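Below is one structure, written out as structure tokens; comments come after it.
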Amino acid sequence: MKCNSIKSENSAGKIIAITMLFSLAYVVTRYHIFGGVPWKDFPFYILNKALALGGFILITYNFSFGPLKNLGIKVPDSWLNARNILSMTGFLLVLIHALMSFILFRPEIYGKFFEKDGTLTLMAGISILGGILSFVILWMMNLTFQSYMREDKAFVNFITSRTFLLWAFTLGGVHLFFMGYKGWLHPSLWHAGIPPVSLVAMLFFIVGYSVNILGRK
């Protein structure tokens with residue numbers, strides 16, 4: 001009975017709730033309270049940022065809990081059991097973020113990503129390409145484990161391999177870096193000294209990537 005209880009323990013709900021509360025609190029504090037962004041922009045523009053941050057953190061957790069355990073760090077069984085739900089939830093949040101960003105993405109809102117003639121800057125193009133590719137990979141991974149494709153052991157072994165997952169993770173980092181690095185270089189412009197959301201996500205990426213490099217077999 002005790003063994004079955006351990007296997008059934010799952011902290012996904014708690015992890016998701018804490019992650020989303022942190023993400024919402026961070027973006028509201030930075031943009032509304034200290035950044036002067038009107039509250040009318042919360043339902044779409046600001047919420048989009050919170051969903052993106054929360055989704056990326058959940059995906060990082062999903063990728064990193066196993067490698068952490070491989071490094072000899074004690075990871076609760078309830079966290080390991082939560083990985084599938086964290087992956088699906090993170091993917092859904094990223095999907096919503098992608099749809100919202102598609103609607104918002106125009107020069108009036110994201111002027112720094114556009115040239116004067118209305119075309120994308122090089123950095124914006126690289127960032128969007130990285131984001132699209134990482135999203136496709138996440139979609140493929142989630143589809144695989146929710147369909148008949150999970151019976152194809154060779155394919156499952158490929159998409160769960162160390163090389164594939166590290167490349168998938170790298171594309172997410174490319175998206176974050178080229179989307180926000182210019183803002184990271186000017187701390188004097190940060191609202192009340194609070195780092196940009198993209199930089200917070202990048203810090204999670206650096207830690208998660210390092211854990212995967214060292215601990216993923």
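Computed with a 1.4 Å probe over protein heavy atoms only, the accessible surface of the chain comes to 56 Å² per residue.
Using a 1.4 Å probe on the protein heavy atoms, what percent of the accessible area of the chain belongs to carbon and sulfur? Before the final figure, lay out each step's value.
Details: 8540 of 12230 Å².
Within the chain, the accessible surface is 70 percent carbon and sulfur.
Given R0 = 30 Å, the distance between the Cβ atoms of Lys69 and Ala25 translates into a calculated FRET efficiency of 0.55.
Considering all C-alpha pairs of the stretch 75-217, those separated by over 19 Å amount to 61%. A cut-off under 14 angstrom between Cβ atoms defines the neighbours of Leu68, and their net charge, with Lys, Arg +1 and Asp, Glu -1, is +4. Summing Lys and Arg as +1 and Asp and Glu as -1 over all other residues whose Cβ lies under 14 Å from the Cβ of Phe42 gives a net charge of +2. Counting only DSSP H runs of at least 4 residues, each contributing -39500 (n - 2.57), and dividing by the residue count of the chain, the helix-based mean residue ellipticity at 222 nm comes to -22500 deg cm²/dmol. Across the stretch 205-212, rounded Karplus estimates of 3J(HN,Hα) from the backbone phi angles (6.51 cos²θ - 1.76 cosθ + 1.60, θ = phi - 60°) give 4, 4, 5, x, 5, 4, 4, 5 Hz, Gly and Pro being marked x. The largest accessible area among Trp79, Trp184 belongs to the first residue in Trp79, Trp184, and the rest follow in falling order (1.4 Å probe, all chains). The figure for His97 is an accessible area of roughly 40 square angstrom, using a 1.4 Å probe on the protein chains alone. For the stretch 74-88 versus the stretch 156-217, the spacing of their alpha-carbon centroids is 20 Å. Each peptide in 45-52, 82-89 was scored by the mean count of other Cβ atoms within 10 Å over its residues; highest first, the order is 45-52, 82-89.
Under a 5 Å amide H cut-off, with hydrogens placed 1.01 Å from N, Leu120 pairs with Glu115 among residues at least 5 apart or on other chains.
The length gained by stretching the chain between Ile126 and Ala17 to full extension, at 0.36 nm per residue less their Cα-Cα distance, is 36.0 nm. The local environment of Phe113, defined by Cβ-Cβ distances under 11 Å, has a net charge of +2 under the rule Lys, Arg +1 and Asp, Glu -1.
Remark: the Trp139-Leu99 segment gains 13.0 nm on full extension, using 0.36 nm per residue and subtracting the alpha carbon distance.
The values are calculated or read from the model by the stated rules, or taken from the named source; none is laboratory data. Quick caveat, the model's predicted, so the values are computed rather than measured. Note that each Cβ is placed from the backbone with ideal geometry, even for glycine, and that neighbours are counted across all protein chains shown. To get the accessible areas, we keep the full protein, side chains included, count just its heavy atoms, and leave off ligands, DNA and RNA. Shrake-Rupley method; radii C 1.70, N 1.55, O 1.52, S 1.80 Å.
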